Amino acid sequence: MQTSTLLLVDDDEVVLATFGKGLRDAGFVVQLAASGQEALMKARKAPPDLAVLDLRMPGLSGIETAEFMRDMGIPVLFLSAYDDYDSVEQAIARGALGYLVKPIDVVRAIPTIRAALERAREIRELVEQKRRLTNAVDTGSLVNVAIGILMERHRIGRQEAFDSMRERSRNERRKVRDVAGDVLSAWSLVNDLKPLPVKPSSASGGPGRASKGEIG
(Lines give C-alpha, C1' and ligand atoms only; values in the text may rest on other atoms or scores of the structure.)
Protein backbone atom coordinates (compact mmCIF):
# COMPACT_ATOMS: atom_id res chain seq x y z
CA MET A 1 0.00 0.00 0.00
CA GLN A 2 1.41 3.37 -1.04
CA THR A 3 2.27 5.80 1.75
CA SER A 4 0.20 8.98 1.69
CA THR A 5 1.83 12.39 1.89
CA LEU A 6 0.32 15.04 4.17
CA LEU A 7 1.04 18.75 4.24
CA LEU A 8 0.54 20.03 7.82
CA VAL A 9 0.10 23.80 7.99
CA ASP A 10 -0.03 25.73 11.28
CA ASP A 11 1.60 28.88 12.64
CA ASP A 12 2.02 27.15 16.02
CA GLU A 13 5.44 25.47 16.16
CA VAL A 14 4.32 23.15 18.95
CA VAL A 15 1.45 21.81 16.83
CA LEU A 16 3.78 21.30 13.87
CA ALA A 17 6.32 19.43 15.99
CA THR A 18 4.00 17.23 18.05
CA PHE A 19 1.24 16.54 15.53
CA GLY A 20 3.79 16.16 12.73
CA LYS A 21 5.68 13.53 14.74
CA GLY A 22 2.46 11.68 15.56
CA LEU A 23 1.51 11.54 11.89
CA ARG A 24 4.95 10.25 10.91
CA ASP A 25 4.77 7.62 13.63
CA ALA A 26 1.43 6.55 12.09
CA GLY A 27 3.18 5.90 8.79
CA PHE A 28 2.51 9.10 6.83
CA VAL A 29 5.05 11.18 4.93
CA VAL A 30 4.65 14.66 6.43
CA GLN A 31 5.64 18.06 5.08
CA LEU A 32 5.46 21.04 7.45
CA ALA A 33 4.60 24.68 6.72
CA ALA A 34 4.23 27.56 9.19
CA SER A 35 2.07 29.77 6.94
CA GLY A 36 -0.32 29.67 4.04
CA GLN A 37 2.27 31.20 1.73
CA GLU A 38 4.87 28.56 2.64
CA ALA A 39 2.27 25.83 2.23
CA LEU A 40 1.43 26.93 -1.32
CA MET A 41 5.11 27.04 -2.27
CA LYS A 42 5.64 23.48 -1.02
CA ALA A 43 2.40 22.24 -2.58
CA ARG A 44 3.39 23.57 -5.99
CA LYS A 45 6.79 21.89 -5.73
CA ALA A 46 5.50 18.55 -4.42
CA PRO A 47 1.67 18.23 -4.28
CA PRO A 48 0.54 16.27 -1.19
CA ASP A 49 -2.30 13.77 -1.09
CA LEU A 50 -4.00 15.88 1.60
CA ALA A 51 -3.40 19.31 3.18
CA VAL A 52 -4.22 19.70 6.89
CA LEU A 53 -4.68 23.44 7.46
CA ASP A 54 -5.06 25.54 10.56
CA LEU A 55 -8.16 27.66 10.06
CA ARG A 56 -6.75 30.82 11.64
CA MET A 57 -3.32 31.93 10.51
CA PRO A 58 -1.72 35.36 10.00
CA GLY A 59 -1.37 36.39 6.38
CA LEU A 60 -3.30 33.90 4.26
CA SER A 61 -6.02 32.32 6.39
CA GLY A 62 -6.77 28.63 6.24
CA ILE A 63 -9.84 29.21 4.08
CA GLU A 64 -7.91 31.45 1.66
CA THR A 65 -5.11 28.88 1.45
CA ALA A 66 -7.69 26.15 0.87
CA GLU A 67 -9.10 28.09 -2.10
CA PHE A 68 -5.68 28.01 -3.76
CA MET A 69 -5.24 24.35 -2.84
CA ARG A 70 -8.57 23.53 -4.45
CA ASP A 71 -7.48 25.20 -7.69
CA MET A 72 -4.38 22.98 -7.56
CA GLY A 73 -6.53 19.87 -7.09
CA ILE A 74 -5.34 19.25 -3.52
CA PRO A 75 -7.97 18.10 -0.97
CA VAL A 76 -8.11 19.85 2.40
CA LEU A 77 -8.84 19.01 6.04
CA PHE A 78 -9.03 21.79 8.65
CA LEU A 79 -7.65 22.21 12.16
CA SER A 80 -9.98 24.34 14.22
CA ALA A 81 -10.89 25.49 17.71
CA TYR A 82 -14.35 24.91 19.13
CA ASP A 83 -15.41 28.48 18.37
CA ASP A 84 -14.51 28.09 14.68
CA TYR A 85 -17.42 25.73 14.02
CA ASP A 86 -19.42 28.12 11.80
CA SER A 87 -16.34 28.94 9.72
CA VAL A 88 -15.52 25.26 9.31
CA GLU A 89 -19.07 24.49 8.19
CA GLN A 90 -18.77 27.19 5.53
CA ALA A 91 -15.45 25.73 4.42
CA ILE A 92 -16.88 22.22 4.20
CA ALA A 93 -19.77 23.55 2.14
CA ARG A 94 -17.13 24.88 -0.30
CA GLY A 95 -15.33 21.56 -0.65
CA ALA A 96 -13.26 20.82 2.48
CA LEU A 97 -13.34 17.17 3.52
CA GLY A 98 -13.76 17.77 7.25
CA TYR A 99 -11.99 19.13 10.31
CA LEU A 100 -10.10 18.21 13.48
CA VAL A 101 -10.67 20.04 16.74
CA LYS A 102 -7.77 21.42 18.80
CA PRO A 103 -6.12 20.36 20.99
CA ILE A 104 -5.31 17.48 18.69
CA ASP A 105 -5.51 13.90 19.89
CA VAL A 106 -3.29 12.12 17.36
CA VAL A 107 -4.81 8.68 17.94
CA ARG A 108 -8.33 9.99 17.34
CA ALA A 109 -7.22 12.12 14.42
CA ILE A 110 -5.81 9.24 12.36
CA PRO A 111 -9.20 7.69 11.38
CA THR A 112 -10.48 11.11 10.28
CA ILE A 113 -7.38 11.66 8.14
CA ARG A 114 -7.61 8.20 6.58
CA ALA A 115 -11.31 8.75 5.84
CA ALA A 116 -10.49 12.09 4.18
CA LEU A 117 -7.79 10.43 2.06
CA GLU A 118 -10.24 7.73 0.97
CA ARG A 119 -12.87 10.33 0.14
CA ALA A 120 -10.31 12.32 -1.86
CA ARG A 121 -9.41 9.16 -3.80
CA GLU A 122 -13.07 8.52 -4.60
CA ILE A 123 -13.51 12.12 -5.79
CA ARG A 124 -10.47 11.82 -8.07
CA GLU A 125 -11.87 8.62 -9.57
CA LEU A 126 -15.27 10.25 -10.16
CA VAL A 127 -13.63 13.24 -11.85
CA GLU A 128 -11.59 10.91 -14.07
CA GLN A 129 -14.68 8.87 -14.98
CA LYS A 130 -16.53 12.06 -15.88
CA ARG A 131 -13.61 13.20 -18.03
CA ARG A 132 -13.53 9.88 -19.85
CA LEU A 133 -17.29 9.87 -20.35
CA THR A 134 -17.27 13.45 -21.66
CA ASN A 135 -14.45 12.60 -24.04
CA ALA A 136 -16.32 9.50 -25.24
CA VAL A 137 -19.49 11.53 -25.85
CA ASP A 138 -17.55 14.23 -27.68
CA THR A 139 -15.78 11.63 -29.80
CA GLY A 140 -19.05 9.86 -30.61
CA SER A 141 -20.72 13.12 -31.61
CA LEU A 142 -17.82 14.12 -33.84
CA VAL A 143 -17.69 10.75 -35.58
CA ASN A 144 -21.47 10.71 -36.07
CA VAL A 145 -21.43 14.13 -37.73
CA ALA A 146 -18.59 13.06 -40.04
CA ILE A 147 -20.48 9.87 -40.94
CA GLY A 148 -23.51 11.97 -41.85
CA ILE A 149 -21.42 14.17 -44.13
CA LEU A 150 -19.92 11.17 -45.95
CA MET A 151 -23.33 9.52 -46.32
CA GLU A 152 -24.76 12.65 -47.92
CA ARG A 153 -21.72 13.37 -50.07
CA HIS A 154 -21.22 9.87 -51.49
CA ARG A 155 -24.78 8.55 -51.18
CA ILE A 156 -23.64 5.59 -49.09
CA GLY A 157 -24.91 3.85 -45.98
CA ARG A 158 -23.86 4.50 -42.41
CA GLN A 159 -21.68 1.41 -42.10
CA GLU A 160 -19.94 2.15 -45.39
CA ALA A 161 -19.18 5.68 -44.24
CA PHE A 162 -17.77 4.45 -40.93
CA ASP A 163 -15.75 1.70 -42.61
CA SER A 164 -14.26 4.29 -44.96
CA MET A 165 -13.04 6.42 -42.05
CA ARG A 166 -11.83 3.39 -40.12
CA GLU A 167 -9.85 2.15 -43.11
CA ARG A 168 -8.20 5.54 -43.53
CA SER A 169 -7.39 5.71 -39.82
CA ARG A 170 -5.70 2.29 -40.01
CA ASN A 171 -3.70 3.19 -43.10
CA GLU A 172 -2.51 6.44 -41.54
CA ARG A 173 -2.20 4.95 -38.04
CA ARG A 174 -4.46 7.60 -36.57
CA LYS A 175 -7.61 7.56 -34.48
CA VAL A 176 -11.01 7.49 -36.18
CA ARG A 177 -11.82 10.66 -34.24
CA ASP A 178 -8.90 12.46 -35.93
CA VAL A 179 -10.09 11.38 -39.38
CA ALA A 180 -13.59 12.58 -38.49
CA GLY A 181 -12.06 15.93 -37.54
CA ASP A 182 -10.46 16.14 -40.98
CA VAL A 183 -13.84 15.50 -42.60
CA LEU A 184 -15.48 18.29 -40.60
CA SER A 185 -12.60 20.69 -41.30
CA ALA A 186 -12.81 20.03 -45.03
CA TRP A 187 -16.59 20.41 -44.97
CA SER A 188 -16.33 23.70 -43.13
CA LEU A 189 -13.78 24.97 -45.64
CA VAL A 190 -16.02 24.03 -48.57
CA ASN A 191 -18.97 25.83 -46.97
CA ASP A 192 -16.86 28.91 -46.28
CA LEU A 193 -15.65 29.16 -49.89
CA LYS A 194 -18.88 30.48 -51.31
CA PRO A 195 -19.11 31.90 -54.85
CA LEU A 196 -18.40 35.60 -55.06
CA PRO A 197 -21.44 37.77 -55.84
CA VAL A 198 -21.79 38.73 -59.52
CA LYS A 199 -21.07 42.40 -60.09
CA PRO A 200 -23.81 44.29 -61.92
CA SER A 201 -22.97 45.31 -65.49
CA SER A 202 -22.06 48.94 -66.12
CA ALA A 203 -24.29 51.43 -67.91
CA SER A 204 -22.16 51.08 -71.03
CA GLY A 205 -23.29 47.50 -71.43
CA GLY A 206 -20.47 45.82 -69.57
CA PRO A 207 -16.82 45.25 -70.34
CA GLY A 208 -15.86 44.42 -73.89
CA ARG A 209 -18.64 46.46 -75.47
CA ALA A 210 -17.90 49.80 -77.07
CA SER A 211 -19.93 52.77 -76.09
CA LYS A 212 -22.23 54.41 -78.63
CA GLY A 213 -19.84 57.26 -79.26
CA GLU A 214 -17.01 54.89 -80.15
CA ILE A 215 -18.74 53.14 -83.00
CA GLY A 216 -16.90 54.13 -86.13
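The values are calculated or read from the model by the stated rules, or taken from the named source; none is laboratory data. All figures in this text were calculated on a predicted structure; none of them were measured in a lab. Heads up, the Cβs are rebuilt from the backbone with ideal geometry, glycines too, and the neighbour counts pull from every protein chain shown. Surface accessibility is based on the protein's heavy atoms, side chains included, excluding ligands, DNA and RNA. Shrake-Rupley method; radii C 1.70, N 1.55, O 1.52, S 1.80 Å.
Annotations for the structure displayed:
- When the square roots of the Cα gyration tensor eigenvalues are ordered a ≥ b ≥ c, the ratio a/c for segment 1-110 is under 1.5, which makes its shape rounded.
- Separation of segment 141-160 and segment 51-97, taken as the distance between their Cα centroids, equals 52 angstrom.
- Dipole of segment 57-129 [Lys/Arg +1, Asp/Glu -1 at C-beta], most positive-end residue of 117, 101, 88: 117
- In Å², nearest 10: area of residue 125 left accessible to a 1.4 Å probe: 90
- Whole-percent carbon and sulfur share, accessible surface of segment 1-52, 1.4 Å: 54
- What the phi angles of segment 18-32 give under the Karplus curve with 6.51, -1.76 and 1.60, with θ = phi - 60°, is a coupling list of 6, 5, x, 5, x, 5, 5, 4, 7, x, 8, 8, 10, 9, 10 Hz, glycine and proline written as x.
- For residue 175, the aspartates and glutamates whose Cα falls under 20 Å of its own Cα, not counting residues fewer than eight places away in the same chain, are 138, 160, 163, 167.
- In the complete set of protein chains, residue-level accessible area for residue 72 is approximately 70 Å², probe 1.4 angstrom.
- Sorting 128, 160, 64 on solvent-accessible area from highest to lowest, probe radius 1.4 Å, gives 160, 64, 128.
- A probe of 1.4 angstrom, applied to the heavy atoms of all protein chains, finds residue 42 with accessible area near 70 square angstrom.
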